[in-house]
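I have placed the structure first, in the form of structure tokens, so that the comments after it can refer back to it.
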Amino acid sequence: MNPGSATVGVVRSPSESRYAAGRLSPIRRVADLRRLRDEQFDVLVIGGGVTGAGAALDAASRGLKVALVEARDLAAGTSSRSSKLIHGGLRYLEQLELHLVHEALTERGLLTSRLAPHLVRPVPILVPLPAASPPARVWQRAYYGLGVAAYDVFAGVFGNGRGMPLHRHLTRDGARSLFPSLRADKITGAIRYYDGQVDDARLVVNLARTAASLGAAVVTSARVTGFVREAREVVGVKVRDLEAPDSAEFEVRAHTVVAATGVWSDDMSRMLRDVGVRPGLRVRASKGVHLVVPRSAITGEAGLILRTPTSVLFVIPWGGHWIIGTTDTDWELDRSHPAASARDIRYLLDQVNTVLDRPLTVDDIEGVYAGLRPLLSGEADSTSKLSREHAVVEPMLGLLLVAGGKYTTYRVMAADVIDRAVRRLGRPAQPSRTDQLPLLGADGFAAAWRDRLDIARRHGVTAGVIEHLLERYGTLTVHLLAMIEADPALATPLAGAPEYLAAEIAYAAQAEGALHLDDVLTRRTRISFETAHRGAGTAAHAAAVMGDALGWDAAVRAREIEHYLARVEAERQSQKMPDDLTADAARLGVADVRGYAADRGTDLLEVEL
Ligand SMILES: Cc1cc2nc3c(=O)[nH]c(=O)nc-3n(C[C@H](O)[C@H](O)[C@H](O)COP(=O)(O)OP(=O)(O)OC[C@H]3O[C@@H](n4cnc5c(N)ncnc54)[C@H](O)[C@@H]3O)c2cc1C
């Protein structure tokens, strides 16, 4: 059987195509909400980040009856705010954590070659060798050279095929011809290696849609406020539909509840505190900030990985931009909207400027985003299945908590937690087979890419448009082209962000589960950090297109625009503040579009008590 055309799953009618079943449309949301109320699920996953969407896909592809509920938008948490690298982790190699390197490189190979070749691509990265005395130079080249060579060998021998070109040693001149902005006096040469790059938010949407195509109910703006318990077992969750704030909370029944809630994991444990349950694991948040600058601000054909006093800094090409990051500081303030302060921004500029011939200033910055790493901390009890990176624990019968890890290894985390759920079911179910399951849009991608000029000719658009669409939608591009054919106005470039088409906004609303303007400007497209106006100059156009697709009246359109502009302004203000406390206070001036107030892990307690 072709794994990509599998027909397992419980709701999909055999007469419905896999694509149609994977459309997260407004009608589908209504139907899935009804399913949440009416059905009993094998597995209910809380959290639509990469871990939760991956877990929902893993379970649905084993033939289980699955629901995924996400409080805000798909990837609204950490999974849209990463460095966007699918990587083995050169750092683990240095720490001799060879099993972690092996695991991550295996995943990198799978994603680039089979699962999501339309979304994960090789990106060249330079390891600059710092200027030093001649003996130190020899030692450094040997040390880093061995490390990078081992990385390639690991990927080739154990990593399911590299899917990446091999590394290369470069002299100082060689390094500068690839990266002219590198200061000549700072380096003696470099080593170029490759890792994978991904649009993190888009991959999550793709995972959720693929799960939906196999029968999973997927509902966003659905916040879990508590657990349903019978005796000492969790048998479901209480959900509030944030799109209908006046409607009553309702219960969803499931044999096993999987909490994949990242930095919100401790909230899940707190919901059980009245029965004296020990959480089994604790998760703390560490903030990482990225800057985005235009490609013209730095001249280079590859990325950079630089050592900093505390960690590493990446400078990675991102279309017409560079992404520079990241920081690593404890964060105990608002988790929904972590704020970058002026201090974070200064730190990143100082670090990157140590190697650039033309120093960057705040005026170069187009966008800034901050995310929170879900780091495991202490309390991992004996029932936990721990690799050093992630953990699966069962703090109470019927509830599995999965946390930690990194984006690259989402599939391993998903398989681990669903293995546990399957064991609880006590009936036979297939083992995980997501390593064989291309995501929607992946099947036929190589052929479509090869034929892109022909596709462009046939549809009367430029090759650039087809490349842009293929790299974001894979072979689902045909559906956007069909929309444009039916309504040629959708071929219009978006105001203020002409690399995107109006069709992408309409498609996001009709097939990718986008419910708000923020969803399309921040996650379905990345306009919020790719433009100096941060999406403010696109908001009116995008709201008009989205409004037409979703039937918004004038008041809703105006409210969505107003909220988005207020959010942009609050972020700008926070980035002028000297420290975390003042930046957080400035950012909190505007609540979440889905009606969140401050999100420090105390509001849920109020619901429970
Ligand atoms: C700055 C930074 C850079 C990184 N770079 C990389 C990288 O380059 N490569 C890499 O492999 N990894 C990277 N990572 C790590 C990676 O991004 C994370 O490990 C991963 O995204 C975590 O995903 P998650 O699904 O566990 O959490 P999240 O993405 O945060 O998802 C949790 C979800 O749960 C939802 N939720 C919470 N409470 C509830 C509730 N009560 N009801 C319903 N839903 C709820 C939230 O809204 C959220 O969407 C980086 C992390 C950071 C912070």
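Things to note:
- Summed over segment 306-316, the residues that are within 14 Å of the ligand (Cβ to nearest atom) and surrounded by fewer than 20 Cβ atoms within 10 Å (Cβ to Cβ) give a count of 4.
- Flag if ARG433 is among the basic types (Lys, Arg), within 16 Å of the ligand (Cβ to nearest atom) and closer than 22 Å to ALA21 by Cβ: no
- Unmet criterion (only one of (1) aromatic (Phe, Trp, Tyr); (2) touching a Ser or Thr at 6+ places or on another chain (Cβ under 7 Å); (3) surrounded by 23 or more Cβ atoms within 10 Å (Cβ to Cβ)) for PHE445: (3)
- Within segment 342-363, the set of residues being outside any strand (DSSP E or B), hydrophobic (A, V, I, L, M, F, W, C) and more than 15 Å from the ligand (Cβ to nearest atom) comprises ALA342, LEU349, VAL352, VAL355, LEU360, VAL362.
- Of the residues making up segment 250-295, those that are farther than 30 Å from ARG343 by Cβ, within 12 Å of the ligand (Cβ to nearest atom) and not in a helix (DSSP H, G or I) number 6.
- Number of the exception - ASP246 against (1) part of a loop (DSSP other than H, G, I, E, B); (2) acidic (Asp, Glu); (3) within 11 Å of the ligand (Cβ to nearest atom): (3)
- Close pairs (7 angstrom Cβ cut-off, 6 or more residues apart or separate chains): more than 10 Å from ALA502 (Cβ to Cβ) and at pLDDT 95 or above in segment 534-551, surrounded by 20 or more Cβ atoms within 10 Å (Cβ to Cβ) and of a type in the set (Ser, Thr, Tyr) anywhere: ARG534/SER528; GLY535/SER528; GLY535/TYR564; GLY537/THR531; ALA539/TYR564
- Selected residue (criterion: nearest to the ligand (Cβ to nearest atom)) from residues of segment 318-341 that are touching a helix residue (DSSP H, G or I) at 6+ places or on another chain (Cβ under 7 Å), outside any loop (DSSP other than H, G, I, E, B) and not small (Gly, Ala, Ser): ILE324
- Entirely in segment 506-595, the helices (runs of 4 or more DSSP H) that have 1 or more residues that are farther than 17 Å from LEU24 by Cα and aromatic (Phe, Trp, Tyr): 527-530, 554-574
- Selection status of GLY47, on the phi > 0 side of the Ramachandran plot and touching a strand residue (DSSP E or B) at 6+ places or on another chain (Cβ under 8 Å): yes
- Test: residue in segment 374-390 that is at pLDDT below 95, under 30 Å from ILE324 (Cβ atoms) and of a type in the set (A, V, I, L, M): yes
- Where VAL402 falls short, out of the listed (1) in a helix (DSSP H, G or I); (2) within 19 Å of the chain's Cα centre (by Cα); (3) among the β-branched types (Val, Ile, Thr): (1)
The values are calculated or read from the model by the stated rules, or taken from the named source; none is laboratory data. Bear in mind the structure is a predicted one, so any value in this text is a computation, not a measurement. A quick note on method: Cβ atoms are made from the backbone with ideal geometry, for glycine too, and the neighbour counts reach across all protein chains shown.
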